[in-house]
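These notes are about the structure you will find just below.
Bear in mind these aren't lab numbers, they're just calculated from the coordinates by the rules spelled out. Owing to the predicted nature of the structure, the values given are computational and were not obtained by experimental measurement. Cβ placement follows ideal geometry from the backbone for every residue including glycine, while neighbour counts extend to all protein chains displayed.
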C-alpha cells in the first residue's frame, strides 16, 4: 500500500477509535448510520460510493474525498466511473472544486498505478 494511503488509513482509524471510545451515544449512532447508508439497497453500494464522492467534492472535504476515492478503488470502480463522478461534482460545485479534483485524481492514480 502506498505511503499516502497507508498514512491516511492509519490516521483515520486512530482518530475514529478516539471518537468512538467516548461515551457519546449520538456520535456512535451517527457513525452507524453512515455505515448503513452505504450498504446495498435500492441502490448498490458502488453507486452510493460514487454519490458520496461527488457530494464530498461539492462540499470540498478533502478527508471525505480521500475516503471515498479509496473506497471506490477497493470496490473496483473503473477510471470512467471515477471520472463521471468527478464531472458531476464539478458541474454541481463549480470551478472551486478543481483543486480538490486534482488531489482526488492524484490519489486515484496512486491507488490504481494508472
(message) If packing is taken as the average count of other Cβ atoms within 10 Å, what order do 11-17, 55-61 fall into, highest mean first?
(response) 55-61, 11-17
(message) If I stretch the segment between residue 19 and residue 44 completely, what's the gain in nm (0.36 nm per residue apart, minus their alpha carbon distance), one decimal?
(response) 6.1 nm
(request) Take the alpha-carbon positions of region 26-84, form their convex hull, and give its projected area averaged over all directions (one quarter of the hull surface) in nm². (result) 4.4
(message) Given contacts defined as C-alpha pairs under 8 Å and at least six residues apart, what's the relative contact order of region 27-84, whole-number percent?
(response) 28
(message) Considering the Cα positions of the chain, please state its Rg to one decimal place and its Dmax as a whole number of Å.
(response) 14.6, 43
(message) Below 8 Å between Cα atoms, with a sequence gap of 6+, how large is the relative contact order for the chain in percent?
(response) 28
(request) Rank these for me by crowding, 96, 88, going from fewest to most other beta carbons within 10 Å. (result) 96, 88
